[in-house]
Structure formats: structure tokens, C-alpha cells
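The values are calculated or read from the model by the stated rules, or taken from the named source; none is laboratory data. Since this is a predicted model, take the numbers as computed values, not measurements. Cβ placement follows ideal geometry from the backbone for every residue including glycine, while neighbour counts extend to all protein chains displayed. For accessibility, only protein heavy atoms count, side chains too; no ligands or nucleic acids. Shrake-Rupley method; radii C 1.70, N 1.55, O 1.52, S 1.80 Å.
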Amino acid sequence: QVQLVESGGGLVQPGGSLRLSCAASASIFSMYGMGWYRQAPGKQRDLVARISSGGTTRLADSVKGRFSISRDTAKNTVYLQMNSLKPEDTAVYYCNRSPDPFGSWGQGTQVTVSS
């Protein structure tokens, strides 16, 4: 079973930037699209960005113009570059297959945007 390990979160002030990384235990990006999801306290987990197996990217309206998703297939790693962060971006961020996430999720990485 593929393992996914997210990293790169932290505390950042509004307007700041972070880059999240998701390392996969196997070379899966040529087979599957991958996505970054986030879950704020008391809310459902939502998809915010995805990259298809062919490299096409899509972003949720709430992050368009601020976030970008990319991958390094040689490193089996997917990235989420987050700029112009807002307090409402505060959440635990996860990566997983998109669509149709794997049944097992990683531990996620906490992003807190606060002054």
C-alpha cells in the first residue's frame, strides 16, 4: 500500500507563504492524479488542488491565483506552493490520490495563518 507523508506546514502571518511537500513511497504519479486536500476544525475535508497523471493542474476557486501544485516524479513528491495566505486557509493539509483517494490517509501537516 502506498504511503504518503506530508510536511512543510507551520505558523505563518497573513500574506505569507509556505510550500508543502508530499512524499510517496512508490512511483505512482504516472498512473494517478494527486491532490491536496484540507480540513479545518469542524469542517469536511475539501480538495484544493490537483494534478493529473498527465500534469494538468486544477485549483479550487478559493485558492486560485494564490496556490499552485507541482510534482517531481523523480523524487515521488508533490508540492503545494501557497502564497498570500489568509486566516481562512488555516487547516490540516493532506495529499492523496485524486479522484478516488486511497483508503489510508497520511498524518497531514498543520497550516496556521495568524498574526
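Suppose all protein chains stay in the model; what accessible area per residue would a 1.4 Å probe give for the chain, in Å²? Show your work: numbers first, answer last.
Values: 5960 Å² over 115 residues.
Here the per-residue accessible area is 52 Å².
Run the dipole for the chain about the Cα centre, Lys and Arg Cβ at +1, Asp and Glu Cβ at -1, nothing else charged, and hand back the magnitude in debye, nearest 20.
Working: 12 positive and 7 negative charges, 26 e Å.
It comes to approximately 120 debye.
Between Ser115 and Gln3, what length comes free when the chain is fully extended (0.36 nm per residue of separation minus the Cα-Cα distance, one decimal in nm)? Before the final figure, lay out each step's value.
Details: separation 112, 0.36 × 112 = 40.32 nm, distance 3.38 nm.
This chain segment gains 36.9 nm when fully extended.
Once label points are set 7 Å from the Cα along Cα→Cβ at both Ser84 and Gln39, what is their separation, rounded to one decimal in nm?
That separation, rounded to one decimal, is 2.9 nm.
Roll a 1.4 angstrom probe over the protein heavy atoms and tell me the percent of accessible area of region 6-115 that is carbon or sulfur.
On the way: 2540 of 5530 Å².
C and S fraction of accessible area: 46 percent.
Calculate the spin-label point distance for Asp72 paired with Ala26, positioning each point 7 Å from the Cα along the beta-carbon direction, and give it in nanometres.
Going by the 7 Å Cα→Cβ label model, 2.3 nm.
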